[in-house]
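Here is the structure we will look at.
Nothing in this text is a laboratory measurement; each read-out follows from the coordinates by a stated rule. Here the structure is a predicted model, which is why all the values come from computation and not from measurement. Cβ atoms come from the backbone with ideal geometry, glycine included; neighbour counts cover every protein chain shown.
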Amino acid sequence: MVPTPFSPFLPIVAGPTGSGKTSLTQSLDPHRFEIVSFDSRQVYSELAVGTTSPTSKELSHIPHWIVGTLTADKSTNAKEYSEWARQAVFSIWEKKKIPFFICGTGFYLRAFLLGMYPVPNVPQETKDFAQNIPLSEAVALLREKDSKAFTNISETDGYRVRRALEVVLTGVLWSEVSSQTTGGFLQEFPELQPKGAWIDWPREELYRRIEERVPGLLKDGMLEETKQVEEKYGSDCPGLQSLGYNFALDFLYGRIDVNSFLERLAQSHRNYAKRQVTWFRKDPLLSPMSWEKALKEYTKID
């Protein structure tokens with residue numbers, strides 16, 4: 001049974017890595033809100049450090065949905081994630097609370113709210129092939145079969161390259177099916193009133209925050225969790241395709257020293273943050289807002 005929304009308000013805060021999204025949640029009233037996370041990598045329970053997932057202390061302050069739900073040998077996609085988010089929102093409404101969306105993966109948020117691309121069903125063997133070949137080969141094959149797909153996909157975005165390749169291998173052009181969406185949560189519940197913002201830091205300040213954060217990932221155990229997951233599932237498992245783990249593996253294999261590891265990790269986070277900002281700037285549901293203003297605006301929601 002589909003529940004009636006407890007409140008029409010739908011607060012959404014997005015932001016690049018290092019922008020302070022999680023710290024903002026710690027100022028929210030847990031009796032009024034629960035967090036629905038839109039982050040394609042914080043789903044991994046065994047990779048909490050490198051994905052900068054909320055800590056156990058942060059999670060104890062306010063419930064977070066879709067955080068730490070998968071083992072590192074599993075993968076997900078926007079369709080499955082949207083269903084998880086839908087069920088999370090329903091559960092929060094049933095508690096007479098307001099779901100508060102925190103977003104790092106803009107594609108998943110947009111797919112949930114505005115609908116999915118009408119892609120065909122992809123056989124499991126095709127998914128396995130696309131997910132397991134090296135990214136360079138996936139890029140080359142996608143370019144060969146549908147070069148226009150790269151109009152909106154970066155060659156370094158492993159998730160989206162592989163997802164597009166899955167579709168193309170069924171005989172359907174990604175560049176065509178990705179030009180329109182169908183469905184979406186806002187269409188299902190037109191009475192909802194999204195209040196969306198993305199945390200906008202000056203670039204130099206954001207990069208400084210990232211630089212300060214990276215050494216803590218080493219201190220908190222990113223290398224240890226990488227080693228454990230690699231031994232359990234192999235270096236090619238989906239979880240280790242997350243941001244920065246390739247450099248952790250390079251260090252563990254003796255290919256780079258610790259200084260190179262930290263430098264490359266920081267650079268990868270800066271590059272990712274830049275891509276996130278580009279996405280959020282184009283999202284019609286999100287407006288740029290300073291962290292301080294977001295804190296003020298979202299903690300006074302009635």
Value of relative contact order over the chain, rounded to a whole percent, pairs C-alpha under 8 Å and six or more apart:
28
Taking K and R as +1 and D and E as -1, what net charge do the other residues with C-beta under 11 Å from the C-beta of L285 add up to?
+2
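Antiparallel versus total DSSP beta bridges in the chain: what percent is that, nearest 5? Walk me through the numbers on the way to the answer.
Working: 1 of 22 bridges.
In the chain, DSSP labels about 5 percent of beta bridges as antiparallel.
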Gain upon complete extension [K79, T126; 0.36 nm per residue less C-alpha separation]:
15.2 nm
From the Cα centre of segment 63-113 to that of segment 172-248, the distance in Å is 13
Work through the residues other than A72 whose Cβ is under 10 Å from its Cβ and net out their charges, Lys, Arg +1 and Asp, Glu -1.
-2
Scoring only Lys, Arg, Asp and Glu (+1, +1, -1, -1) among other residues with Cβ under 15 Å from the Cβ of G196 yields +3
GNM, the chain, Cα, under 10 Å: largest mean-square fluctuation among F185, F100, F129?
F129
Can you pull the one-decimal nm distance between simple spin-label points at F90 and V2, each 7 Å off the Cα toward Cβ?
1.0
Collect residues whose amide H, placed 1.01 Å from N in the peptide plane, falls under 5 Å from the amide H of F9; neighbours closer than 5 in sequence don't count.
Q193
Selected from V258, V49, V277 as most flexible by GNM, with the chain as the system and alpha-carbon contacts under 10 Å:
V258
Most mobile of D200, D220, D39 in a GNM of the chain (Cα contacts under 10 Å)
D220
Express in nm, to one decimal, how much length is gained between R255 and K282 on full extension, taking 0.36 nm for each residue of separation and deducting their alpha carbon distance.
5.9 nm
Once label points are set 7 Å from the Cα along Cα→Cβ at both T156 and E231, what is their separation, rounded to one decimal in nm?
3.2
Checked against the structure, the computed semi-axes √(5λ) of the Cα gyration tensor in Å among [x] 42, 21, 16; [y] 31, 22, 19; [z] 29, 26, 18 is the one labelled [z]
Under 5 Å, built H, 5+ apart or other chain: amide partners of G15:
C103, I199
Could you sort out which of K148/K274; K74/K195; K97/K300; K127/K219 sit more than 26 Å apart by Cα distance in this structure?
K74/K195; K127/K219
Once phi for every residue in segment 148-157 is put through the Karplus expression 6.51 cos²θ - 1.76 cosθ + 1.60 (θ = phi - 60°), the whole-Hz ³J(HN,Hα) values, with Gly and Pro written as x, are 5, 4, 7, 4, 10, 10, 7, 4, 8, 8
